[in-house]
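What follows is a single structure, written as structure tokens, with notes after it.
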């Protein structure tokens, strides 16, 4: 018997500032990393978006994820 996972319909946020600042590749990497590697927002800001995580506090990657 197959396991069926029901994924709820996505509710997009109207705020798109952080989402539009980064490339599609960076956004995809943030989503993948958050879902499958369980990395923090600060880690993604530093390692994917090349930001100073002390200053950004993870808000940029969080904004990308919240947009979705």
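The values are calculated or read from the model by the stated rules, or taken from the named source; none is laboratory data. These figures come from a predicted structure and were not determined experimentally. Quick reminder, even Gly has a Cβ in these numbers, built from the backbone with ideal geometry, and neighbours come from all protein chains shown.
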Within the bounds of region 12-33, is there any residue that is more than 18 Å from residue 67 (Cβ to Cβ) and out of contact with any strand residue (DSSP E or B) (no Cβ under 6 Å at 6 or more places or on another chain)?
no
In region 15-26, the residues that are closer than 14 Å to residue 62 by Cα and either without any contact (Cβ under 8 Å) to a residue 40 or more places away in the chain or part of a loop (DSSP other than H, G, I, E, B) (or both):
15, 16, 20, 21, 22, 26
Filter region 37-68 down to residues that are closer than 20 Å to residue 7 by Cα and modelled with pLDDT of 95 or more, then give me how many there are.
1
Report the residue count in region 28-67 for those that are part of a loop (DSSP other than H, G, I, E, B) and surrounded by 13 or more Cβ atoms within 10 Å (Cβ to Cβ).
7
